[in-house]
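Contents: one structure, followed by commentary.
The values are calculated or read from the model by the stated rules, or taken from the named source; none is laboratory data. Bear in mind the structure is a predicted one, so any value in this text is a computation, not a measurement. Note that we place each Cβ from the backbone using ideal geometry, even for glycine, and neighbour counts take in every protein chain shown.
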Amino acid sequence: MTMPRVLSCMLLLCVAPLLIGAAPTEEANASPPPATLLPGFAAQLAQMPEITDPSGWHVIPRDEAWEALAIAQPFARQPARWSYALSLIGQGDSSAALGVLDVMAQDDPDLLLVSAFRLARGTALAGANRPVEALAMLTDPMLAANPEACLWRMMAREQAGQADAALAEIGCAVHAINQRPLNRSRPFILAAARSAIAQRQYARAMRWLRQFPDRESTANLLRGRALIGQGDIAQGRLRLERVKVNASPREQAEADLELIAALVPRHLMPINDALATLDRIGFTWRGDAIEERALRLGYALALKAQDSRHILATGGILIRYFDMGADATTMLATCQQQIVSALSRDSRMTLTGAAGLFWDNRDLAPPGQQGDALLLMLVDRLVEASLYERAADLLGYQMRERARDIEKGPVSERVARLYILAAKPDKAILALRESDQPAYPAAMLDARHRIEAVALYQLGRADQAMALLDDVPGTERLRSEMLWRRRDWQGLVARLGTASPSRQLGAVDQAVILRQAVALAMLGREPELAALRARYGAAFTRLPSGPAFALLTGPVDAMTSESIARAMAAIPTASVAGDFEPLLDVRSAPAEQPAKKG
């Protein structure tokens, strides 16, 4: 069992009533007695000497503290806890001290009215870097002139970014600082120096920093900031470069940020070099003031350089994960404008780069019709470049995230069409199934079924495609094209549409009739061939495809495989399936089924 776990168990045993040895009774099982608070300690604590310097945080050995807690009687338990909490604060273990103080307050809420207890709890909170809660404890009228309270208020105010208020506490806190050796007063002197630099009191900060060795990295970081603030760029830069030699990763990152902030505006560092450094910091640093400052610097520099990628990368993270306050609206509008510019046809960005930029920042795109138009414009450009799968992925986002209810119908149909063009019919089926709902009107359902049938055909499931199209009106030509490609002569004769003999035959009509003739010839159906010749013979005599028609509708015995092949080659290359033809041409049709001449 770990030491913190042992301590937790001890504290629990100290708080819990002593139940060992008592046999459970029926009455006890029915209604347990209410918990009893320990004897009050607030009045006793209020009468104790005030803590005004570090000697008040008297350190006692840990084993001795645990033993005192373990053997303390109820009347002595709170004093034992108090001694232990003070010792933990003196050792710098603020989190553990805060836990002990919270247990004390649970047993005696009046302790929160005692200035000594508020000082201890505020000190522990400030030591745990919880400045708002710490200030709530330490801003007590009874602690206004207490040097130790002033010291910890100064620390908490600096943590909270209240530099001016932190400096106002220093006069009161000097006594508490001077009572500590340099290694114990170091955090407070550094906090005071940071506050002075934030208030542009650079000379004051430099005086405080003289107490530290010349090679100390934390002091050099602040010295560099102060020197740059005083206008001594060369010396300030040297101090910051020294920090980068052997300091902690955090201080090295801070030094880089200070150098960028100081050198770029003075044209002493190229913006591209600064952005590269900020990219490196952003890759290795997450989730605190350093990352936020790096992002803000990167955003400002990217705006200056009109670098859309960096504007969106930095601005997007700031909007998503940080509290930008009043700047959020302006920043979002700027990011949206960058997206619009990057996707325009006049943009110098490559199409794939623009598509990637939009995809990475799609949550920042303008809402409503403007955003829809922007997305569709990008989809059209991707289609023009034959980047069908990327266009389908992008339009799929539109279908899932932006389209609502019945709007999904036509969008999903186009998504499926693009996936088929990308030779991804399985994704086309998924897109249609994902957007399926009963509210679509009949015409929209028919359009979706036609696309689904093509996808099924491309997956080699022609029978399912035919069954689906049987219930969709106006699909005779599409079905005949699928059957022709599969050389399904029987199905072709059964399903093939016919052209009217009373009008001039167009290229599509000729192709349909000649295909029907081929199917009938392959099946050896001479009576039906004769009927076809009687119906269309006159119309074909005036057409270049007339000889092919005459051959195909002539006596079956006179046909040879070579003559049939020549006749099939003479069939007009018209698009029988209309706008579905490119979808069927994406890849080779399923394996042909052998057909025998009837």
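Looking at Pro147 and the list (1) over 30 Å from Arg77 (Cβ atoms); (2) surrounded by fewer than 17 Cβ atoms within 10 Å (Cβ to Cβ); (3) in contact (Cβ under 8 Å) with a residue 60 or more places away in the chain, which single condition is not satisfied?
Against the list (1) over 30 Å from Arg77 (Cβ atoms); (2) surrounded by fewer than 17 Cβ atoms within 10 Å (Cβ to Cβ); (3) in contact (Cβ under 8 Å) with a residue 60 or more places away in the chain, Pro147 comes up short only on (2).
Report yes if some residue within segment 356-369 is surrounded by 13 or more Cβ atoms within 10 Å (Cβ to Cβ), assigned to a helix (DSSP H, G or I) and more than 21 Å from the chain's Cα centre (by Cα); otherwise report no. Spell out how you get there, then give the answer.
Narrowing segment 356-369 to residues surrounded by 13 or more Cβ atoms within 10 Å (Cβ to Cβ): 356-362, 364-366.
Narrowing the set further to residues that are assigned to a helix (DSSP H, G or I) leaves 356-360, 362, 364.
Next, from what is left, pick out any that are more than 21 Å from the chain's Cα centre (by Cα): none.
Scanning segment 356-369, I find no residue that is surrounded by 13 or more Cβ atoms within 10 Å (Cβ to Cβ), assigned to a helix (DSSP H, G or I) and more than 21 Å from the chain's Cα centre (by Cα), so the answer is no.
Residues of segment 470-486 being free of Cβ contacts under 8 Å to residues at least 60 places away in the same chain and either surrounded by fewer than 20 Cβ atoms within 10 Å (Cβ to Cβ) or in a helix (DSSP H, G or I) (or both), which ones? Quick ask: steps written out before the conclusion?
To start, the set of residues in segment 470-486 that are free of Cβ contacts under 8 Å to residues at least 60 places away in the same chain comprises 470-476, 479, 483.
Within segment 470-486, Asp470, Asp471, Val472, Pro473, Gly474, Glu476, Arg479, Leu483 meet the criteria.
Suppose the filter is under 25 Å from Arg286 (Cβ atoms) and either among the hydrophobic types (A, V, I, L, M, F, W, C) or surrounded by fewer than 14 Cβ atoms within 10 Å (Cβ to Cβ) (or both); does Ser217 pass it? Spell out the reasoning first.
Details: under 25 Å from Arg286 (Cβ atoms): yes; either among the hydrophobic types (A, V, I, L, M, F, W, C) or surrounded by fewer than 14 Cβ atoms within 10 Å (Cβ to Cβ) (or both): no.
Judged against the criteria, Ser217 is not a match.
Please pick out the residue among Gly161, Gly171 that is surrounded by fewer than 18 Cβ atoms within 10 Å (Cβ to Cβ), in contact with a Pro (Cβ under 9 Å, 6 or more places away or on another chain) and free of Cβ contacts under 8 Å to residues at least 60 places away in the same chain.
Values: Gly171 fails: in contact with a Pro (Cβ under 9 Å, 6 or more places away or on another chain).
None of the other options fit; the residue is Gly161.
Any idea which of Thr350, Thr330 is free of Cβ contacts under 8 Å to residues at least 24 places away in the same chain, more than 16 Å from the chain's Cα centre (by Cα) and within 18 Å of Arg390 (Cβ to Cβ)? Walk me through how you get there before you give the answer.
Numbers: Thr330 fails: within 18 Å of Arg390 (Cβ to Cβ).
Within the list Thr350, Thr330, the selection yields Thr350.
Out of segment 390-417, which residues are assigned to a helix (DSSP H, G or I) and either of a type in the set (Asp, Glu) or without any contact (Cβ under 8 Å) to a residue 12 or more places away in the chain (or both)? Working first, answer last.
The initial filter retains those residues of segment 390-417 that are assigned to a helix (DSSP H, G or I), namely 390-402, 405-417.
Asp393, Glu401, Asp405, Glu407, Glu413 - these are the residues of segment 390-417 that are assigned to a helix (DSSP H, G or I) and either of a type in the set (Asp, Glu) or without any contact (Cβ under 8 Å) to a residue 12 or more places away in the chain (or both).
Glu67 versus (1) within 19 Å of Thr139 (Cα to Cα); (2) in a helix (DSSP H, G or I); (3) acidic (Asp, Glu): which is the lone unmet condition?
Condition (1) is where Glu67 drops out.
Only one residue in Ala313, Ala342 is within 22 Å of the chain's Cα centre (by Cα), assigned to a helix (DSSP H, G or I) and modelled with pLDDT under 90. Which one? Give the steps one after another, and end with the answer.
Working: Ala313 fails: modelled with pLDDT under 90.
Unique residue meeting the criteria: Ala342.
Each row is one residue, and each column tells you yes or no for (1) of a type in the set (Lys, Arg); (2) at pLDDT 80 or above; (3) assigned to a helix (DSSP H, G or I).
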{"residue": "Ala494", "(1), (2), (3)": "no, no, yes"}
{"residue": "Ala511", "(1), (2), (3)": "no, yes, yes"}
{"residue": "Ala521", "(1), (2), (3)": "no, yes, yes"}
{"residue": "Leu532", "(1), (2), (3)": "no, yes, yes"}
{"residue": "Arg535", "(1), (2), (3)": "yes, yes, yes"}
{"residue": "Pro547", "(1), (2), (3)": "no, yes, yes"}
{"residue": "Asp557", "(1), (2), (3)": "no, no, yes"}
{"residue": "Glu581", "(1), (2), (3)": "no, yes, yes"}
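Is there a residue being in contact (Cβ under 8 Å) with a residue 12 or more places away in the chain and within 19 Å of Gly127 (Cβ to Cβ) anywhere in segment 215-231? Even if it seems obvious, please write down each step before you answer.
First, pick out the residues of segment 215-231 that are in contact (Cβ under 8 Å) with a residue 12 or more places away in the chain: 215, 217-230.
Now narrow it down to the ones that are within 19 Å of Gly127 (Cβ to Cβ): 218.
Yes: one or more hits.
Evaluate the following for Ala261: is it in a helix (DSSP H, G or I) and in contact with a Leu (Cβ under 9 Å, 6 or more places away or on another chain)?
Values: in a helix (DSSP H, G or I): yes; in contact with a Leu (Cβ under 9 Å, 6 or more places away or on another chain): yes.
For Ala261, the condition - in a helix (DSSP H, G or I) and in contact with a Leu (Cβ under 9 Å, 6 or more places away or on another chain) - is met.
Every residue, every condition in (1) in contact with a strand residue (DSSP E or B) (Cβ under 9 Å, 6 or more places away or on another chain); (2) crowded, with 16+ Cβ neighbours inside 10 Å; (3) in contact (Cβ under 8 Å) with a residue 40 or more places away in the chain; (4) more than 23 Å from Arg477 (Cβ to Cβ), yes or no:
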position	(1), (2), (3), (4)
Ala521	no, yes, yes, no
Leu529	no, yes, no, no
Ala538	no, no, no, yes
Arg542	no, no, no, yes
Ser545	no, yes, no, no
Leu551	no, yes, no, yes
Thr560	no, no, no, yes
Met568	no, no, yes, no
Ala574	no, no, yes, no
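Inspect all residues belonging to segment 383-396 and state whether any of them is aromatic (Phe, Trp, Tyr) and either within 19 Å of the chain's Cα centre (by Cα) or surrounded by fewer than 19 Cβ atoms within 10 Å (Cβ to Cβ) (or both). Step through it out loud before you land on a result.
The first filter runs over segment 383-396 and keeps only residues aromatic (Phe, Trp, Tyr), leaving 388.
With the extra rule that they be either within 19 Å of the chain's Cα centre (by Cα) or surrounded by fewer than 19 Cβ atoms within 10 Å (Cβ to Cβ) (or both), the set shrinks to none.
So far as segment 383-396 goes, no, none of its residues is aromatic (Phe, Trp, Tyr) and either within 19 Å of the chain's Cα centre (by Cα) or surrounded by fewer than 19 Cβ atoms within 10 Å (Cβ to Cβ) (or both).
Here is a check on your reading of the model: is Ala289 within 24 Å of the chain's Cα centre (by Cα) and of a type in the set (A, V, I, L, M)? Give the derivation first.
Numbers: within 24 Å of the chain's Cα centre (by Cα): yes; of a type in the set (A, V, I, L, M): yes.
Here the answer is yes, as Ala289 does meet what is asked.
Being out of contact with any His (no Cβ under 6 Å at 6 or more places or on another chain), of a type in the set (Phe, Trp, Tyr), within 30 Å of Leu112 (Cβ to Cβ) and modelled with pLDDT of 95 or more is true for just one of Trp208, Trp152. Which residue is that? Can you show your working first?
On the way: Trp208 fails: within 30 Å of Leu112 (Cβ to Cβ).
The unique qualifying residue is Trp152.
In segment 265-277, what residues are touching a residue at least 24 places away in the same chain (Cβ under 8 Å) and either in contact with a Cys (Cβ under 8 Å, 6 or more places away or on another chain) or within 12 Å of Ala302 (Cα to Cα) (or both)?
Here is the first cut: in segment 265-277, the residues touching a residue at least 24 places away in the same chain (Cβ under 8 Å) are 266, 268, 271-272, 274-275.
Scanning segment 265-277 gives Ile271, Asn272, Ala274, Leu275.
When the residues of segment 436-492 are narrowed to those that are of a type in the set (Lys, Arg) and farther than 23 Å from Lys408 by Cβ, which ends up farthest from the chain's Cα centre (by Cα)?
Filtering segment 436-492 down to residues of a type in the set (Lys, Arg) leaves 448, 450, 461, 477, 479, 485-487.
So of that shortlist, the ones also farther than 23 Å from Lys408 by Cβ come out as 461, 477, 479, 485-487.
Working: Arg461: 39, Arg477: 47, Arg479: 45, Arg485: 46, Arg486: 47, Arg487: 51 Å.
Going through the qualifying residues, I end up with Arg487.
Has segment 179-187 got any residue that is in a helix (DSSP H, G or I) and buried (at least 21 other Cβ atoms within 10 Å of the Cβ)? If you could, list the steps in order and put the result at the bottom.
In the first step, residues of segment 179-187 are kept if they are in a helix (DSSP H, G or I); the result is 182-187.
Of the ones still in play, those that are also buried (at least 21 other Cβ atoms within 10 Å of the Cβ) are none.
Checked segment 179-187: no residue is in a helix (DSSP H, G or I) and buried (at least 21 other Cβ atoms within 10 Å of the Cβ).
Taking segment 59-93, which residues are farther than 23 Å from Gln106 by Cα and touching a helix residue (DSSP H, G or I) at 6+ places or on another chain (Cβ under 6 Å)?
Val59, Ile60
Out of everything in segment 92-116 that is in a helix (DSSP H, G or I) and of a type in the set (Asp, Glu), what residue ends up being modelled with the lowest pLDDT?
At the first step, the residues of segment 92-116 found to be in a helix (DSSP H, G or I) are 94-107, 109-113, 115-116.
Add one more test, that the residue is of a type in the set (Asp, Glu), and what stays is 102, 107, 110.
Working: Asp102: 96, Asp107: 91, Asp110: 94.
Restricting to residues being in a helix (DSSP H, G or I) and of a type in the set (Asp, Glu), the top hit is Asp107.
Which one is surrounded by the fewest Cβ atoms within 10 Å (Cβ to Cβ), of the residues in segment 418-469 that are charged (D, E, K, R) and not in a helix (DSSP H, G or I)?
If we take residues in segment 418-469 being charged (D, E, K, R) and not in a helix (DSSP H, G or I), then Asp436 is surrounded by the fewest Cβ atoms within 10 Å (Cβ to Cβ).
Give the number of residues within segment 254-272 that are of a type outside the set (A, V, I, L, M) and within 27 Å of the chain's Cα centre (by Cα).
Quick first cut of segment 254-272, residues of a type outside the set (A, V, I, L, M) only: 254, 256, 258, 265-267, 270, 272.
Applying the additional criterion that residues be within 27 Å of the chain's Cα centre (by Cα) yields 254, 256, 272.
Within segment 254-272, residues that are of a type outside the set (A, V, I, L, M) and within 27 Å of the chain's Cα centre (by Cα) number 3.
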